[in-house]
1. At 0.36 nm per residue, and after removing the present C-alpha to C-alpha distance, how many nm does the segment from residue 474 to residue 452 gain when stretched out fully?
2. May I ask for the net charge around residue 295, where only other residues with Cβ less than 13 Å from the Cβ of residue 295 are counted and Lys, Arg are +1 while Asp, Glu are -1?
3. How many nm is it between the label spots at residue 65 and residue 444, if each spot is 7 Å from the Cα in line with the beta carbon?
4. Obtain the nm distance between the two label points defined at residue 361 and residue 485 by a simple spin-label model: each point lies 7 Å from its Cα along the Cα-to-C-beta direction.
5. At 0.36 nm per residue, and after removing the present C-alpha to C-alpha distance, how many nm does the segment from residue 24 to residue 323 gain when stretched out fully?
6. With the contact rule set at Cα under 8 Å and sequence spacing of 6 or more, what percent relative contact order holds for the chain?
7. Compute the Cα gyration tensor for segment 136-221, then decide on rounded, prolate or oblate, letting a ≥ b ≥ c be the square roots of its eigenvalues: rounded whenever a/c is under 1.5, prolate when a/b is larger than b/c in the other cases, and oblate in all that remain.
8. Express in nm, to one decimal, how much length is gained between residue 186 and residue 106 on full extension, taking 0.36 nm for each residue of separation and deducting their alpha carbon distance.
Amino acid sequence: MLPIVSITLFLPLLGALLVMALRKAPAPLVHGIGIATSGLTLIGALWMWSRGVNETGFAQLEELAWMPSIGAAYRVGVDGISLPLVLLSTVLFFLSFIYSVKVKERPHAYVVLMLLLETAAIGTFTALDAILFYVFFEVSLVSMYFMIAGWGHEDRQRAALMFFIYTLLGSLPLLLAILGLYLGSEPHTFDMRAWIDNPPLEGGAAMLALIAMLFTFAVKTPVFPFHTWLPAAHVQAPAAGSVILAGVMLKFGTYGLVRFALQMTPDSFRDAGIVVLVFGVVAALYGAFAALAQSDLKRLIALTSVNHMGYVVVGVAIAALAVDPAVRATALDGSVLQMVSHGLVTGALFLLVGMLQDRAHTREMEQFGGLLKVVPILGWSFVLAAFASLGLPGLAHFPAEFQIFLATLRVEPVAVVVILGIVITAGLYLRAIGKVFLGEPREQWTGMSDLNTREVLSLAPLLILIVVVGIAPSLVLDVIHKTTVALQF
């Protein structure tokens, strides 16, 4: 059988090597290679989706001996939790490459870093060997650091350094937890499937490993108070970098929370579930309140990511605390779908802010007004994405958040106070729409051009998917539920 997971995983890396070999190629050819490579990778992910998953564990498994003396191997595969995130990643990278055709400064390095980052992202979601997972997890950090530092905005060096230090230091506890799980397994192995089927640690050792993992994934998600690197990184990153950072890389934290913390130390997670739940609630409410105070449109969207990822953490914590398997599956269904919907919605919003900044060279909401009359396609696209972000029924966030809140109400009713975050988010987005797009346009913006073909091609698929997932969430939930309904912990 064709190793489609490995082909999809390493296609971007091959594209990066090709670009490196063509050192004197013109920028259009370099960008064309990036688009073609990411397009083929998307086709590979769709092929994986067509193969589907099963209810008995991981599917589409591929394995090759690597370091047999220590129980490490090249192991990849997918289940209903990872497969939607692989497809989401390939969609966002493909659209980001289309948008990035305008990049003329060092295009070779830009495309190489983006392709390397795509391989790292797919590898993080498909790896079933802990060493392999950690390698991909860290490679993504290096790629994003250089993207922010090389193609970011005015304060990019400081933001890139803060991002690198936070996430690098945050990753070290995960490495210690992986070593602990390895030493606790019998026979010693780095096979993540073995750790999930038979958690190797108990008691105090398991709790220490859980604390280490929670720290790493709290930084990566991020949750309050480990979020302070996020606004600066988003604000200073190029638009495509923000799309990938929010749409893909933040999911490393919540995916790891499910794959490692929940599945490999289930008893300890259950004991600590209330604490994790509190962190999720605080993150969701803090992110909404902090976003409400922003005047920079991109910073506002960055902080709403803290809010929405807080809902994911709440869902995972509720799954750990739930006794009823049906409630547990509902909470995890909502959490994984929220990861997907957040990638689509926030990706669209960051692209739109990037398009607006390209035209106006400012992100300050007070500087705008009446743009809906000047750039109606951009304006109405922002309104749609903003309504999706505030949880409007019929758009992508609603079915995800509804399941999380429903499960929360059945397990820890007090925690449903997190729903206030939706009210605050609605207020901040309506305020942003009013300031930027409603009213009469200012004279300096009357000549602003609306979206061009490149921008429409990079944005329209996200808006379409936001509506499709909102109206027919079962297209994604059917895949997710096959795994969540069968989880035993």
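Rule-based calculations on the coordinates, nothing more; no lab input. What you see is a predicted model, and the numbers here were worked out from it, not measured in a lab. With ideal geometry, Cβ positions are generated from the backbone for all residues, glycine too; neighbour counts draw on all protein chains shown.
1. Details: separation 22, 0.36 × 22 = 7.92 nm, distance 3.32 nm.
Computed gain between residue 474 and residue 452 is 4.6 nm.
2. On the way: positive: 298, 299, 363, 431, 435; negative: 296, 364, 366.
With Lys, Arg at +1 and Asp, Glu at -1, the net is +2.
3. Roughly 6.8 nm, to one decimal.
4. With each label placed 7 Å out from Cα toward Cβ, I get 5.7 nm.
5. Working: separation 299, 0.36 × 299 = 107.64 nm, distance 6.09 nm.
Full-extension gain reported as 101.5 nm.
6. Details: 872 pairs, mean separation 77.1, N = 489.
Result for the chain is 16 percent.
7. Details: a/c = 4.10, a/b = 2.57, b/c = 1.60.
Prolate shape, in that a/c is at least 1.5 and a/b is the bigger ratio.
8. On the way: separation 80, 0.36 × 80 = 28.80 nm, distance 4.97 nm.
Stretched fully, the residue 186-residue 106 segment lengthens by 23.8 nm.
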